[in-house]
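Engineer: Quick one: the structure is below, questions incoming.
Please treat every number below as a calculation from the coordinates, not as lab data. This is a predicted model, so every value here is computed, not measured. Glycine gets a Cβ as well: all are built from the backbone with ideal geometry, and neighbour counts include every protein chain shown.
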Amino acid sequence: MADNGQDRTDGAPHVVVVGGGIAGLAAAFYLKDEPVRVTVLEGSSRLGGKLAVSEVAGVAVDEGAEALYARRPKTTGLLKAAGLGDRITLAGTKAAAVWTRNEIRSLPGRQIMGVPGDLDELARTGILSADGVARAREDSELPPSDRNGDVSVAAYVAGRLGQEVVDRLVDPFVNDVYAGRAEELSFEATLTPLAVASRRYPSLAAAAASVTPPPDPAEEKMPPGIATLTGGLGTLPDHLAEVVLAASPGAAVRTGATVTQLARSERGWRLTVESAAGPEHIDADAVVIAVPAGPAGRLLAGVPGATQAATGLAEIPYADTAIITLAYPRAAFPGELTGRRLSGYRVPVVDGRTVSAVTFTTVKWPHLAGEVEIVRCQAGRIGDEKLLQRDDADLAAVAASELAEATGVAGGPVATRVTRWDGSLPQYTVGHPDRVARIRASVAEQPGLAVCGAAYDGVGVGTSIATARKAADQVLAFLRKDAAAPAGR
Ligand SMILES: Cc1cc2nc3c(=O)[nH]c(=O)nc-3n(C[C@H](O)[C@H](O)[C@H](O)COP(=O)(O)OP(=O)(O)OC[C@H]3O[C@@H](n4cnc5c(N)ncnc54)[C@H](O)[C@@H]3O)c2cc1C
């Protein structure tokens, strides 16, 4: 067994980042200019985790995450600091819809994760039946809900606005973002701004209105605050790795290096790593764990005093999902549809389809517009694993047939790609905020250890980056304190 931890020559503390997804690479990026030596260990053969890009019909199209919030300074700050400012490109539209009750119906403008803020506007969309709208209107008459602690999204929203709002609006959103179920997901963790507002406004529609101001005509002319990178968001991980390696001579970024064990050592931490060369040990002064909850929990299970973190992490389930990318000749798309400039539509599970969300990629991202129209379809959600138990050709055929039924697109796709993302989306089930607080408290008791990634504060790329910043700051604060302590640690 080699001990790579001993080969440092500059005497700088060694920080090992476990996981080369966006969180791990962002953590390494934030550490690159600090007086530490960084090593990123990625178990699979490529960097990026849920970020990947490849060509479909000659167009570079993301296979996993494709979009970020451009108005979040931490996210765009990282991209700009990494020299990617000129590759940030904004979405051409954020207008979205629901395919239900036999039509693609535009979403109301005033909604948050499908929870409507203006019930008259909702009624005009035709998404709900007349009974569904009448039930939603009862919200303003109902007594304040007695909410003690966290509840499920479905329980709270259905209690106030009725089950149809859950089924046709909110569940499609949470299914899109988490591949999850409204009846299982945490109201506090997945609709946080609304959960906060709902403590001030007994009516949930009023709470939604308070966080979704009426559209400002001046704002409407501005591009939506959703961005990607030209060439694909999937190019970000390799780029970050290159920047880290260029900026920090002692840095290393390894793929095919799975961390199988984490243990306290005299120096700080000892990691057991499995690679093609066989098992080895790497010593570190501090460790950032940037892997999904399952492997993070397994690593922490072996660390005395971290049982609470390991147990909490083991309680976070993950959903399987698949992205089915279809390419059509431009002329195949009905003019009426392209004229609406929709970025896509979601499909309520109650309507019994396979595809749960569709993005008109080449409409949403004008820089990709050309001779082919690219359509991105998402399928699969927790508890419905059978949906994805078909081969790729079958999944692509079902997606194309449902798309044709919804949109009237003529003929079949000229190219297809199916990307399976098994165990990819963490489920923030009821109690998630408390669970994360317990995990973080338990990790904080371990000297020089931090966690980051999508399992904690939000599944998006931007939030994963924000947790990486926090983890980098935590290990730096520990190392500074450690260096200042007279008798070492
Ligand atoms: C299909 C899909 C579409 C999405 N679309 C969007 C979107 O458009 N916008 C958005 O903001 N978010 C989106 N997301 C969510 C977002 O992409 C992810 O939540 C985020 O990228 C997770 O980053 P991460 O670094 O926390 O984890 P991961 O990407 O899972 O990275 C963790 C890495 O750790 C590695 N690893 C695991 N165990 C070990 C080990 N023991 N040793 C070493 N390495 C290990 C894994 O191989 C992996 O590379 C999407 C997710 C999916 C699945």
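Engineer: Counting each DSSP H run of 4 or more residues in the chain as -39500 (n - 2.57), what helix-only mean residue ellipticity at 222 nm follows after dividing by all residues, to the nearest 500 deg cm²/dmol? Let's see the in-between values first.
Structural biologist: On the way: 18 runs with 164 residues, N = 489.
Taken over the chain, the calculation gives -9500 deg cm²/dmol.
Engineer: Then there is this: So for the pair Ala206, Asp120, with labels modelled 7 Å out along Cα→Cβ, what separation do we get in nm?
Structural biologist: Computed distance between label sites Ala206 and Asp120 equals 1.7 nm.
Engineer: Enumerate the lysines that Lys386 could reach by cross-link, defined here as Cα to Cα under 18 Å, with residues fewer than 8 away along the same chain left out.
Structural biologist: Leaving aside lysines fewer than 8 places away in the same chain, none come within reach of Lys386.
Engineer: Along each principal axis of its Cα atoms, how long is the chain end to end? Whole angstroms, biggest number first, please.
Structural biologist: The Cα atoms of the chain stretch 72, 55, 45 Å along their principal axes.
Engineer: Across segment 304-387, how large is the tail of the calculated P(r) beyond 17 Å, expressed as a percent of all Cα pairs?
Structural biologist: 60 percent
Engineer: Something else now. Give the residues of segment 94-128 whose amide nitrogen is closer than 13 Å to a point set 7 Å from the Cα of Arg340 in the direction of its Cβ.
Structural biologist: In segment 94-128, the label zone of Arg340 (backbone N under 13 Å from the point 7 Å along Cα→Cβ) covers 95-108, 125-127.
Engineer: Which lysines have a Cα less than 19 Å from the Cα of Lys364, not counting those fewer than 8 places away in the same chain?
Structural biologist: Lys94, Lys221
Engineer: Additional query: Kirkwood hydrodynamic radius (Cα pairs, Å) of segment 110-212? Don't skip to the answer; put the middle values down first.
Structural biologist: On the way: mean 1/r = 0.0758 Å⁻¹.
For segment 110-212, inverting the mean 1/r across all distinct Cα pairs yields 13.2 Å.
Engineer: Follow-up question, since we're still on this one. Need one number: nm distance between label points at Ser401 and Ala60, each 7 Å from Cα along Cα→Cβ, rounded to one decimal.
Structural biologist: Modelled inter-label distance: 3.6 nm.
Engineer: I've got another one for you. Which whole-Hz couplings ³J(HN,Hα) result when phi for each residue of segment 19-25 is put into the Karplus expression 6.51 cos²θ - 1.76 cosθ + 1.60, θ = phi - 60°, listed in order with x for Gly and Pro?
Structural biologist: x, x, x, 5, 5, x, 5
Engineer: Let me ask something else. Filter the GluC sites (Glu not before Pro) in segment 339-432 down to the DSSP loop ones having no more than 15 other Cβ atoms within 10 Å, then list what survives. The partial results should precede the final answer.
Structural biologist: Numbers: sites: Glu371, Glu373, Glu385, Glu402, Glu405; in loops: Glu371.
Here the GluC sites (Glu not before Pro) that fit, given the DSSP loop and packing criteria, are Glu371.
Engineer: Right, something else. Using the scaling law 2.2 N^0.38 Å as the reference, what is the normalised Cα Rg of segment 355-489? Each step should come with its number before you reach the end.
Structural biologist: On the way: Rg = 22.3 Å, N = 135, 2.2 N^0.38 = 14.2 Å.
Normalised Rg, Cα atoms only: 1.57.
Engineer: For the chain, what does the relative contact order come out to in percent, with C-alpha contacts under 8 Å and a separation of six or more? Please list the in-between numbers first.
Structural biologist: On the way: 1056 pairs, mean separation 114.5, N = 489.
Normalised by residue count, the contact order of the chain is 23 percent.
Engineer: In addition: What does the highest-first list of 194-202, 42-50, 82-90 look like by mean Cβ count within 10 Å? Let's see the in-between values first.
Structural biologist: Details: 194-202: 16.9, 42-50: 19.9, 82-90: 15.2.
By packing density, highest mean first, the sequence is 42-50, 194-202, 82-90.
Engineer: Calculate how many DSSP beta bridges within the chain are antiparallel, expressed in % of all such bridges and rounded to the nearest 5. Can you show the working numbers first?
Structural biologist: Numbers: 55 of 75 bridges.
Approximately 75 percent, going by the DSSP bridge assignments.
Engineer: Shifting gears a bit: Check cross-link reach from Lys32 to the lysines: straight Cα distance under 16 Å, and skip same-chain residues fewer than eight apart.
Structural biologist: Excluding near neighbours in sequence, the set is Lys80, Lys470.
Engineer: OK, next. Counting other C-beta atoms within 10 Å, which of Asp384, Asp285 has the fewest, and how do the rest follow?
Structural biologist: Values: Asp384 17, Asp285 25.
Placing the least packed residue first, the sequence is Asp384, Asp285.
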